[in-house]
Structures are given as C-alpha cells and as structure tokens.
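Chemist: If you scroll down you'll find the structure; I have some questions about it.
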C-alpha cells in the first residue's frame, strides 16, 4: 500500500487523490460520499448509493453542483456480456420485449451481521435484490406504472425474501424474486415477440448469454456466446470493467456514466422505496 490514512477525512483531504471508492456499510454510503464530494473528489459509491431516494437525490444534486463525477457501483452493467445483451436489445433481436424475469438467492449465514441487522442496512433488497431490479430497469426503465410486492421480514426487521412485479405501459412487465434463505438459479430471461435472451447463472457475474429464437411450432434454436473473465479464476476481476468505465469518464470530463446514469440510480432507489413501503421495511435513515 503506497499511502495509508488514519481517517476518511485525511484521505479526502489528500490533493493526490482524484477519485474515491466508497465501499463502507450501506448506512454510511451517503455520509462518506458527501464527505468526498465536499473535498472535490470524484466518487464511485457501492450499491446501493444511499439508503433511500431522498439521500440519493441529495448526493446527485451535490455532485452536479460541484461538477464532479458520481456513479453508483452497479458493476454488472459494464461486463462485456451485459453490454452484448444491451446491443441485442437495441438491435431488436427478439422483437418487442414484453417480459423480464430475474431472480437471485443465497442461504446467507446468520452470523453475517451486516446482512441481518436493520441498523446496518441488512436485508435482501439492498444487498442482492437490487441486481434483478437493475436488470428490469435496464430493459424497461425506471417508471413502472405499478409496483407490487409479497415479501417477509424477520424478527430483526429485515426482508428475507420477496416476489416483486413491475407493471409497465404497453403490456410489459417484470417479475423479480430474491431470497436470503435459499440458493436460487440466478438467471435472467428477457422475452420478446420473436425470441428470448437468457443470461445464464450467475447472472450478476455473467459470462454466458443465449439467444433463443422460435423456428416453428414447439421448436427453438439456441445461439450461445461466452465472455471469459480477464483472469479465469476470479469473478471479482469483473470490477475491472467498472473501474475502466470510471477512469475513461473522468478523463473525458463526463460527470456521469452514459451506461448507468444517475437518473437510473435514483429511479431504482425510488422503486426500492416503494417495495420497502409495501412490506413495512423501515431503516433509521427513513426517520431522519
């Protein structure tokens, strides 16, 4: 480590630091990102950007006022595999898209405090449910006409599983599921009028994409593309793509990413606020 600090304030005050990555626990994302922005630093802040839409909006307003780069760390969006999916959609490869289904689930150990404690921003939605939700907004945007949820809270006041439906205009809808209790397939299927796009497991670390086209009654043709990691033994090498995106954006004087905008981050947070309201999931930040 070339340089170390005894406080976040000291780090942000260092004139040699250009950009700060915020990877602290969820309830402190907004506070620490605000600290960095107020010291004139560009910021990449882990998902979720903040605890609610109100906090997210304040961060975005501050970054725009300071004319500094700000992005939420939705690393999956920048993988070559997901960029390939977005191009398929832009090229109308499966016709008019009508439905997105996405799921994620892991049996998390109960001794992982940050996942199970309300005051630490625990629960399924903020930790993993944001992934399938971001796939839905990637396809349909952040303005569903209706959001419905059927989730459950544990005795500690965090959501342990949920099934969410997003209804959009034009006969389009998305269904997402997440669980902290069981292993789920973690795939994404995007269905259109002439075919489907299937993001194979693990979808948030996607390396394999299939296009499925109808070739006749009851018949389908699969075409699969593979996108290997920069290093074959570590999914976390996928952070490389996010880092490159931030670097290029700052070097070209962009204040936000054109692949994952601040408006989308705010829109996702607004949807999550609605989901949390439906299942009575309240965090301390909501009471401020």
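The values are calculated or read from the model by the stated rules, or taken from the named source; none is laboratory data. Because the structure is predicted, anything quoted here is derived from the model rather than measured. All Cβ positions, even for glycine, are placed from backbone atoms using ideal geometry, and neighbour counts span all protein chains on display.
Chemist: With respect to residue 48, is the statement that it is more than 23 Å from residue 189 (Cα to Cα) and either at pLDDT below 95 or within 15 Å of the chain's Cα centre (by Cα) (or both) true?
Modeler: yes
Chemist: Where residues in the range 186-202 are in contact with a helix residue (DSSP H, G or I) (Cβ under 7 Å, 6 or more places away or on another chain) and outside any loop (DSSP other than H, G, I, E, B), which of them is surrounded by the most Cβ atoms within 10 Å (Cβ to Cβ)?
Modeler: Kept after step one, since they are in contact with a helix residue (DSSP H, G or I) (Cβ under 7 Å, 6 or more places away or on another chain), are these residues of the range 186-202: 186-188, 190, 197, 199.
Remaining after also requiring outside any loop (DSSP other than H, G, I, E, B): 188, 190, 197, 199.
Numbers: 188: 28, 190: 26, 197: 22, 199: 25.
For the range 186-202, the residue satisfying everything is 188.
To keep it simple, each residue is scored yes or no on (1) out of contact with any strand residue (DSSP E or B) (no Cβ under 7 Å at 6 or more places or on another chain); (2) surrounded by fewer than 17 Cβ atoms within 10 Å (Cβ to Cβ); (3) assigned to a strand (DSSP E or B).
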position: 83; (1), (2), (3): yes, yes, no
position: 86; (1), (2), (3): yes, yes, no
position: 92; (1), (2), (3): yes, yes, no
position: 129; (1), (2), (3): no, no, no
position: 163; (1), (2), (3): no, yes, yes
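Chemist: Among the numbered conditions (1) without any contact (Cβ under 8 Å) to a residue 60 or more places away in the chain; (2) assigned to a strand (DSSP E or B); (3) over 24 Å from residue 121 (Cβ atoms), tell me where residue 45 comes up short.
Modeler: Unmet condition: (3).
Chemist: While we're on this one: Would you be able to say whether some residue in the range 56-68 is in contact with a strand residue (DSSP E or B) (Cβ under 7 Å, 6 or more places away or on another chain), farther than 22 Å from residue 253 by Cβ and assigned to a helix (DSSP H, G or I)?
Modeler: No.
Residues are listed down the side, and each one gets a yes or a no for (1) more than 23 Å from residue 65 (Cβ to Cβ); (2) surrounded by fewer than 19 Cβ atoms within 10 Å (Cβ to Cβ); (3) at pLDDT below 95; (4) in contact with a helix residue (DSSP H, G or I) (Cβ under 9 Å, 6 or more places away or on another chain):
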| residue | (1), (2), (3), (4) |
| --- | --- |
| 239 | yes, yes, yes, yes |
| 252 | no, yes, no, no |
| 256 | no, no, no, yes |
| 260 | no, no, no, yes |
| 271 | yes, no, no, yes |
| 274 | yes, yes, no, no |
| 277 | yes, yes, no, no |
| 281 | yes, no, no, yes |
| 284 | yes, yes, no, yes |
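Chemist: Any residue at all in the range 210-226 that's free of Cβ contacts under 8 Å to residues at least 60 places away in the same chain and under 25 Å from residue 51 (Cβ atoms)?
Modeler: no
Chemist: Filter the range 214-237 for residues that are at pLDDT 95 or above and within 18 Å of residue 84 (Cα to Cα) and give the result.
Modeler: Initial filter on the range 214-237 (at pLDDT 95 or above): 221-226.
Selection gives 222, 223, 224, 225, 226.
Chemist: OK, next. Residues of the range 203-222 being closer than 27 Å to residue 170 by Cα and either touching a strand residue (DSSP E or B) at 6+ places or on another chain (Cβ under 8 Å) or assigned to a strand (DSSP E or B) (or both), which ones?
Modeler: 203, 209, 210, 211, 212, 213, 214, 215, 216, 220
Chemist: In the set 135, 108, which member is over 21 Å from residue 268 (Cβ atoms) and either touching a residue at least 24 places away in the same chain (Cβ under 8 Å) or part of a helix (DSSP H, G or I) (or both)?
Modeler: Values: 135 fails: over 21 Å from residue 268 (Cβ atoms).
Going through 135, 108 in turn, the sole match is 108.
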